[in-house]
Amino acid sequence: MPTKEIIQHIGALLDLIGVLVIAVGVTVATVVFAVRCGRTRQVVAHYRAYRQGVGRAILLGLEFLVGGDIIRTVAVSPTFTSVGVLALIVAVRTFLSFSLEVELDGRWPWQGKLPRAGQAGAD
C-alpha cells in the first residue's frame, strides 16, 4: 500500500474518531442530564453541567477533526491552494473552539481563575 494512501486512511480515521467523540460525548451528556433531571425534577439546576459536557465533547472532537485535516493536507497534497483551505478550516475551528471555551468557563482565557469562596487571601 503506498504511503499517501496510508496517510489518507489515517486522516479519515481521525475524522471518524472526531465524529464518534462528538456523538458519544453528546449522547453521554444527554443521558446523564436526563437521569439527573429524572431524579431531582430540576432541569435548570443541571442545565449548565449538561452544556459543559456537550461543549467538552465538541471541543475534543474538533481536535481530532483538525488533526485529520492537517495530516491529509500537509502529508498528501501540500499545494498552496490546499494549505490555504486548511488554514481557513483551522481558523474557523480554532475560533469555534475558542468561543466554546469562553462559553464553558464564563471568562476570557487571559483572565485568571476566580478565587473560590473562603480562599481570598489564603496563601
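Using a 1.4 Å probe over the heavy atoms of the protein chains, calculate the carbon and sulfur portion of the accessible area of the chain as a whole percent.
68 percent
From largest accessible area down, sort Asp105, Asp15; use a 1.4 Å probe on the protein chains.
Solvent-accessible surface, decreasing: Asp105, Asp15.
Quick check for you: with a 1.4 Å probe and neighbouring chains kept, what is the accessible area per residue of the chain, in Å²?
Here the residues of the chain average 71 Å² of exposed surface.
Could you give the length gained on full extension between Glu63 and Arg51, defined as 0.36 nm per residue of separation minus the Cα-Cα distance, in nm?
Residue separation times 0.36 nm, minus the Cα-Cα distance, leaves 2.5 nm.
Using the 2.2 N^0.38 Å rule of thumb for compact globular proteins, work out how the chain stacks up: its C-alpha Rg over that value, please.
The reported ratio for this selection is 1.41.
For the chain, give the magnitude of the charge dipole about the Cα centre (Cβ charges: +1 Lys/Arg, -1 Asp/Glu; no others), in debye to the nearest 20.
It comes to approximately 580 debye.
If I model a spin label as a point 7 Å beyond the Cα along the Cα-Cβ vector, how far apart are those points for Thr79 and Val35 in nm?
About 5.0 nm, to one decimal.
Can you give the extra length, in nm with one decimal, that the chain gains between Ile89 and Trp110 once fully stretched, where that is 0.36 nm per residue apart less the Cα-Cα distance?
5.1 nm
Check Ser77: other-chain or 5+ apart residues with amide H under 5 Å from its amide H, H built from backbone geometry?
When sequence neighbours closer than 5 places are left aside, there are no close amide H contacts.
Provide the solvent-accessible area of Arg93, counting protein heavy atoms only and rolling a 1.4 Å probe, rounded to the nearest 10 Å².
Number for this one is 60 Å².
What does the helix-only formula give at 222 nm for the chain: each DSSP H stretch with n ≥ 4 adding -39500 (n - 2.57), the total divided by the residues, and the result rounded to the nearest 500 deg cm²/dmol?
-27000 deg cm²/dmol
The values are calculated or read from the model by the stated rules, or taken from the named source; none is laboratory data. This one's a predicted model, so the numbers in the text were calculated from it and none came from an experiment. Cβ coordinates were reconstructed from backbone atoms using ideal geometry, including for glycine residues, and neighbour counts include every protein chain displayed. Ligands, DNA and RNA are excluded from the accessible area calculation, which covers all protein heavy atoms including side chains. Shrake-Rupley method; radii C 1.70, N 1.55, O 1.52, S 1.80 Å.
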